[in-house]
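J.: Sending over a structure as structure tokens; questions will come in a sec.
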Number of protein chains: 2
Amino acid sequence: MGGDTLSVHLPPEEGPDAWYNVLPDLPEPLPPPKDDEAGQPRLKMLSQVLLKECLRQETATSRWIPIPQEILDLYRQAGRPRPLFRARRLERRLDTPAKLYFKSEFYSPTGSHKVNTALAQAWYAAAAGFERVTTETGAGQWGTALSYAASLVGLKTTVYWVRAVHDWKADRRNLMRLYGAEVHASPSPVTETGRQLLKEDANHPGSLGIAVSEGLEDARADPKAVYCLGSVLNHVLMHQTIIGLETKKQFEMLGEYPDVLISCLGGGSNFGGFALPFMPDAFHGRPIRFLAAQSEAAPNLQGEYRYDFADHAELTPQLKMYTLGHRKEMTPIRGDGLRYHAAAPILSLLRHLGYIETVAYPADERHVFERARMFVQAEGFLPAPESAYGVACAIDEALKCKEKGERKTIAFNISGHGFMDMEAYRAVLGG
Amino acid sequence: MGGDTLSVHLPPEEGPDAWYNVLPDLPEPLPPPKDDEAGQPRLKMLSQVLLKECLRQETATSRWIPIPQEILDLYRQAGRPRPLFRARRLERRLDTPAKLYFKSEFYSPTGSHKVNTALAQAWYAAAAGFERVTTETGAGQWGTALSYAASLVGLKTTVYWVRAVHDWKADRRNLMRLYGAEVHASPSPVTETGRQLLKEDANHPGSLGIAVSEGLEDARADPKAVYCLGSVLNHVLMHQTIIGLETKKQFEMLGEYPDVLISCLGGGSNFGGFALPFMPDAFHGRPIRFLAAQSEAAPNLQGEYRYDFADHAELTPQLKMYTLGHRKEMTPIRGDGLRYHAAAPILSLLRHLGYIETVAYPADERHVFERARMFVQAEGFLPAPESAYGVACAIDEALKCKEKGERKTIAFNISGHGFMDMEAYRAVLGG
């Protein structure tokens with residue numbers, strides 16, 4: 001390998017065989033979730049509808065959690081390890097001394113990094129004897145990934161999808177159904193929560209919080225069903241560390257080490273998965289920067305660090321997070337997956353301790369999509385709207401390196417592709 | 001490696017560095033193109049608008065054509081080599097003794113195998129000093145691939161796109177424009193051909209032949225422009241042999257050899273690229289079957305073997321091909337890329353000599369899409385409508401193996417993904 005390498009393909013037999021659990025390495029203990037003062041047993045409720053193995057992982061104290069062989073096989077079937085690319089053409093067009101590398105999570109069966117935890121959770125659900133998984137989805141990437149993973153392991157899936165998004169994303173809805181999922185616009189007539197809300201407003205647009213409530217209610221009522229979550233929680237971020245672990249090995253193969261790691265951050269699963277494996281080096285004093293690309297529509301890392309609910313309806317326990325408030329109204333943006341009121345507890349603590357920086361881009365998204373277009377024209381790959389934020393941030397950093405004449409190594413993660421989101425590009429950039 | 005391998009990742013440094021030219025190995029010489037009796041100088045005209053290097057390759061006599069380092073770099077940037085996957089879950093669900101392997105051309109920046117020749121042609125065009133490439137496109141995959149490749153090497157692209165398709169494929173149109181291409185619905189007002197036709201009918205739906213004429217006229221009128229073709233010709237198939245050459249090496253890594261090779265066939269570029277590198281073994285007596293999956297809407301391999309034009313408007317020289325007649329009316333199908341009246345001359349000769357078998361699926365496409373759904377639910381990857389024909393054919397063969405108790409090794413190529421074609425799945429299978 002050398003400075004002119006265009007891509008790094010990690011041999012499958014050298015791929016990671018354990019997830020990285022950052023909990024024991026954190027400079028301070030992670031504040032635990034808590035029930036509110038009134039003592040509603042939310043923790044107990046949650047523990048009844050989530051997978052036991054995931055709950056165990058949520059508070060695991062060992063640094064490495066072995067990935068079961070069957071999940072390793074599923075990762076491999078999903079195309080892992082994924083290549084790390086050098087963006088040499090983009091560097092030349094920017095005329096920057098910086099070196100740009102990007103990780104290719106867009107090479108995913110469903111189009112995003114969400115499959116990394118979906119495959120794990122679906123397999124654990126099947127192994128535990130469940131016959132069905134339930135979940136909510138907002139932008140639709142998570143619902144698609146879980147439908148896919150469940151289909152592979154032979155489980156049924158029920159997705160509650162925020163109606164306002166469900167109704168216009170016909171292609172993604174069809175894809176979930178192609179995987180065999182049952183997809184309901186939320187609020188839906190199949191749960192008590194949904195029926196109550198529809199009684200008040202037959203065209204209720206729904207919300208992620210409501211969709212969570214419906215998924216939970218559905219799983220609680222059926223002993224053969226279990227509820228799965230696609231972001232925020234510790235075990236979800238841990239499953240995603242497969243991204244950063246591969247990337248780290250790929251940099252070892254190159255004989256390089258990144259100075260800056262960049263990705264978009266909504267709830268935090270892709271950012272955490274990419275960044276956490278590099279975090280121990282930062283704890284030990286390595287001058288590595290972690291930069292989260294966000295939207296001014298939901299700049300949750302610029303919010304308050306305090307206990308808050310993870311959902312609108314206050315069904316979850318409270319988590320200590322950087323939050324804008326769990327009932328914050330957020331401007332609609334095309335990078336819909338970034339529109340979440342709070343950041344994952346692990347990432348919030350790391351932000352609190354000064355390890356994570358953040359940039360929030362304007363909600364009109366023009367800058368972000370123009371940067372994404374530069375990337376598309378130079379490198380050819382089409383980022384998802386959310387991933388475009390990480391791309392924009394990497395380009396902006398590369399241009400700062402140009403100003404300062406710094407030859408930094410910048411690594412960014414492209415969390416998904418935009419083939420099903422061309423309408424977003426058209427809306428922002430014109431047709 | 002062993003019988004239980006789930007995927008084979010060819011290390012980039014072991015990837016092919018030359019294309020395979022089947023011409024010197026053919027059991028009989030390939031009949032040359034010819035001008036028609038009236039002596040219209042079509043060959044001369046064509047030689048004036050095509051790339052000299054591609055024309056040279058069209059009749060090259062050496063077995064191996066070295067791939068220039070810059071094109072190898074472009075292939076690598078496009079994610080090559082691409083993995084070969086074992087479809088174990090599908091095998092289990094079919095309960096077949098056959099072993100199924102599929103090549104992942106869906107892992108392409110633009111979504112299809114077309115990039116393999118687009119990158120080569122765009123690079124040759126830039127190296128020859130051209131500033132712009134022109135082309136036609138039908139389904140849109142070729143126009144997208146050329147727009148992408150031209151953008152990477154710094155050329156402009158002008159695409160003439162059959163109006164009937166252009167008008168409803170808004171996403172793909174936006175993608176071409178995102179790559180910086182100028183896209184015209186054909187017939188267009190920017191060429192004399194187009195203007196004449198629009199005078200007769202302002203809403204003329206266009207045809208591939210008309211789009212070819214416009215692209216040719218445009219390139220002829222501009223010394224800085226050159227015309228590129230995406231299928232049928234010898235050099236296009238040769239560029240695509242990168243698919244089969246990688247696949248062959250991957251089977252060597254497995255210590256296996258396929259008994260049957262299957263892919264869809266429209267003009268023949270993906271089928272040729274996948275199959276041709278295995279052909280010499282068949283010439284030397286190895287009992288390997290080559291199976292082309294087609295549509296009853298365009299079963300060109302069941303047509304007549306004779307000289308015919310490659311386009312509707314009779315602008316091209318005549319080629320000896322299996323043809324349905326160059327003005328054949330063909331039922332619209334969702335696998336639009338298969339709707340071509342003739343098969344590439346090389347593949348037509350091989351069919352004539354008995355090396356290629358063919359299956360034509362009904363134009364209602366239900367069987368094909370149902371088979372594709374089985375694949376999606378078992379393996380997770382979403383084939384393009386055209387690729388779905390190859391998938392269906394592979395499953396049908398695997399079921400025949402089950403009936404006969406034969407443990408055959410079946411290899412099929414998935415030439416592209418279907419993320420931009422979900423409407424086709426919905427239309428055929430219901431929503």
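The values are calculated or read from the model by the stated rules, or taken from the named source; none is laboratory data. Nothing here was measured: the structure is a model prediction, and the numbers come from that model. Every residue, glycine among them, receives a Cβ derived from its backbone with ideal geometry; neighbour counts consider all protein chains shown. To get the accessible areas, we keep the full protein, side chains included, count just its heavy atoms, and leave off ligands, DNA and RNA. Shrake-Rupley method; radii C 1.70, N 1.55, O 1.52, S 1.80 Å.
J.: Here are some conditions: (1) within 14 Å of chain B (Cβ to nearest Cβ); (2) surrounded by fewer than 18 Cβ atoms within 10 Å (Cβ to Cβ); (3) at pLDDT 95 or above. A:E28 meets all but one. Which one does it not meet?
T.: The failed condition is (1).
J.: Go through the range A:365-381 and give me each residue that's more than 7 Å from chain B (Cβ to nearest Cβ) and closer than 15 Å to A:R426 by Cβ.
T.: A:E365, A:R366, A:V368, A:F369, A:E370, A:A372
J.: Could I ask something else about it? Conditions: (1) in contact with a helix residue (DSSP H, G or I) (Cβ under 6 Å, 6 or more places away or on another chain); (2) away from chain A (no Cβ under 14 Å); (3) open to solvent by less than 50 Å² (accessible area, probe 1.4 Å). B:R63 meets all but one. Number of the miss?
T.: Of (1) in contact with a helix residue (DSSP H, G or I) (Cβ under 6 Å, 6 or more places away or on another chain); (2) away from chain A (no Cβ under 14 Å); (3) open to solvent by less than 50 Å² (accessible area, probe 1.4 Å), only one is false for B:R63: (3).
J.: Taking the stated definitions as given, is B:K156 in contact with a helix residue (DSSP H, G or I) (Cβ under 8 Å, 6 or more places away or on another chain), open to solvent by 40 Å² or more (accessible area, probe 1.4 Å), more than 10 Å from chain A (Cβ to nearest Cβ) and under 30 Å from B:N203 (Cα atoms)?
T.: Considered against the rule, which asks whether it is in contact with a helix residue (DSSP H, G or I) (Cβ under 8 Å, 6 or more places away or on another chain), open to solvent by 40 Å² or more (accessible area, probe 1.4 Å), more than 10 Å from chain A (Cβ to nearest Cβ) and under 30 Å from B:N203 (Cα atoms), B:K156 comes out as yes.
J.: Follow-up. Checking B:V162 against (1) open to solvent by less than 10 Å² (accessible area, probe 1.4 Å); (2) in contact with a Gly (Cβ under 7 Å, 6 or more places away or on another chain): exactly one of these is not met. Which one?
T.: Going through the list (1) open to solvent by less than 10 Å² (accessible area, probe 1.4 Å); (2) in contact with a Gly (Cβ under 7 Å, 6 or more places away or on another chain), B:V162 breaks only (1).
J.: Scan the range B:142-162 and give yes if some residue there is assigned to a helix (DSSP H, G or I), modelled with pLDDT under 95 and not charged (D, E, K, R), otherwise no.
T.: The answer is no, given that none of the residues of the range B:142-162 is assigned to a helix (DSSP H, G or I), modelled with pLDDT under 95 and not charged (D, E, K, R).
J.: Restricting the range B:334-360 to residues that are within 15 Å of B:T323 (Cβ to Cβ) and open to solvent by 50 Å² or more (accessible area, probe 1.4 Å), which is modelled with the lowest pLDDT?
T.: Within the range B:334-360, the match that is modelled with the lowest pLDDT is B:R339.
J.: Among the numbered conditions (1) touching a residue at least 60 places away in the same chain (Cβ under 8 Å); (2) among the basic types (K, R); (3) under 18 Å from A:D311 (Cβ atoms), tell me where A:K44 comes up short.
T.: In the conditions (1) touching a residue at least 60 places away in the same chain (Cβ under 8 Å); (2) among the basic types (K, R); (3) under 18 Å from A:D311 (Cβ atoms), A:K44 misses (1) alone.
J.: Being of a type in the set (A, V, I, L, M, F, W, C), modelled with pLDDT of 95 or more, closer than 21 Å to A:A392 by Cβ and in a helix (DSSP H, G or I) narrows it down to one of A:F271, A:F251, so name that one.
T.: After ruling out the rest, the residue left standing is A:F271.
J.: Identify, by number, the condition in (1) modelled with pLDDT of 95 or more; (2) away from chain B (no Cβ under 14 Å); (3) buried (at least 19 other Cβ atoms within 10 Å of the Cβ) that A:R195 doesn't meet.
T.: (3)
J.: Further question on the same structure: Under 15 Å from the mean Cα position of the chain (by Cα), within 11 Å of chain A (Cβ to nearest Cβ) and either acidic (D, E) or under 23 Å from B:E386 (Cβ atoms) (or both) - does that describe any residue in the range B:145-153?
T.: Yes, because at least one residue in the range B:145-153 is under 15 Å from the mean Cα position of the chain (by Cα), within 11 Å of chain A (Cβ to nearest Cβ) and either acidic (D, E) or under 23 Å from B:E386 (Cβ atoms) (or both).
J.: How about the range A:411-431: which of its residues are more than 7 Å from chain B (Cβ to nearest Cβ) and touching a strand residue (DSSP E or B) at 6+ places or on another chain (Cβ under 8 Å)?
T.: A:A411, A:F412, A:N413, A:I414, A:S415, A:G416, A:H417, A:G418
J.: Can you name the number of the only condition in (1) out of contact with any Asp or Glu (no Cβ under 6 Å at 6 or more places or on another chain); (2) at pLDDT 80 or above; (3) not in a helix (DSSP H, G or I) that B:L10 fails?
T.: Looking at each condition in turn, B:L10 falls short on (1).
J.: Scan the range A:88-107 for residues that are facing chain B (nearest Cβ under 9 Å) and open to solvent by less than 10 Å² (accessible area, probe 1.4 Å) and jot them down.
T.: Passing the criteria: only A:S104.
J.: Does B:R177 satisfy the condition of being out of contact with any helix residue (DSSP H, G or I) (no Cβ under 6 Å at 6 or more places or on another chain), crowded, with 24+ Cβ neighbours inside 10 Å and without any contact (Cβ under 8 Å) to a residue 40 or more places away in the chain?
T.: It is false that B:R177 is out of contact with any helix residue (DSSP H, G or I) (no Cβ under 6 Å at 6 or more places or on another chain), crowded, with 24+ Cβ neighbours inside 10 Å and without any contact (Cβ under 8 Å) to a residue 40 or more places away in the chain.
J.: Identify the residue in the range A:163-192 that is of a type in the set (V, I, T) and either in a loop (DSSP other than H, G, I, E, B) or over 19 Å from A:E214 (Cα atoms) (or both) and, among all such residues, is nearest to the other protein chains (Cβ to nearest Cβ).
T.: So, considering only residues that are of a type in the set (V, I, T) and either in a loop (DSSP other than H, G, I, E, B) or over 19 Å from A:E214 (Cα atoms) (or both), the one nearest to the other protein chains (Cβ to nearest Cβ) is A:V190.
J.: Additional query: In the list A:A392, A:A363, A:A398, which residue meets the criterion of being closer than 16 Å to A:R289 by Cβ and open to solvent by less than 50 Å² (accessible area, probe 1.4 Å)?
T.: Going through A:A392, A:A363, A:A398 in turn, the sole match is A:A398.
Let's see how each residue does on (1) outside any helix (DSSP H, G or I); (2) among the hydroxyl-bearing types (S, T, Y); (3) touching a Lys or Arg at 6+ places or on another chain (Cβ under 7 Å):
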residue: A:P27; (1), (2), (3): yes, no, no
residue: A:S47; (1), (2), (3): no, yes, no
residue: A:A60; (1), (2), (3): yes, no, no
residue: A:L74; (1), (2), (3): no, no, no
residue: A:F85; (1), (2), (3): yes, no, no
residue: A:Y101; (1), (2), (3): yes, yes, yes
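J.: Under 23 Å from A:F309 (Cα atoms), in contact with a Pro (Cβ under 8 Å, 6 or more places away or on another chain) and open to solvent by less than 30 Å² (accessible area, probe 1.4 Å): does that describe A:G209?
T.: Judged against the criteria, A:G209 is not a match.
J.: Scan the range A:66-87 for residues that are surrounded by fewer than 17 Cβ atoms within 10 Å (Cβ to Cβ) and in contact (Cβ under 8 Å) with a residue 40 or more places away in the chain and report the count.
T.: Of the residues in that region, 3 qualify.
J.: Give the residue that is least open to solvent (accessible area, probe 1.4 Å), with candidates limited to residues of the range A:282-325 that are more than 20 Å from the chain's Cα centre (by Cα) and of a type in the set (D, E).
T.: Checking each candidate, the answer is A:E314.
J.: Of a type in the set (S, T, N, Q), in a helix (DSSP H, G or I) and away from chain A (no Cβ under 14 Å), is that true of B:T134?
T.: It is false that B:T134 is of a type in the set (S, T, N, Q), in a helix (DSSP H, G or I) and away from chain A (no Cβ under 14 Å).
J.: Restricting the search to the range A:31-60, which residues are open to solvent by less than 50 Å² (accessible area, probe 1.4 Å) and hydrophobic (A, V, I, L, M, F, W, C)?
T.: The answer is A:M45, A:L46, A:V49, A:L50, A:L51, A:C54, A:A60.
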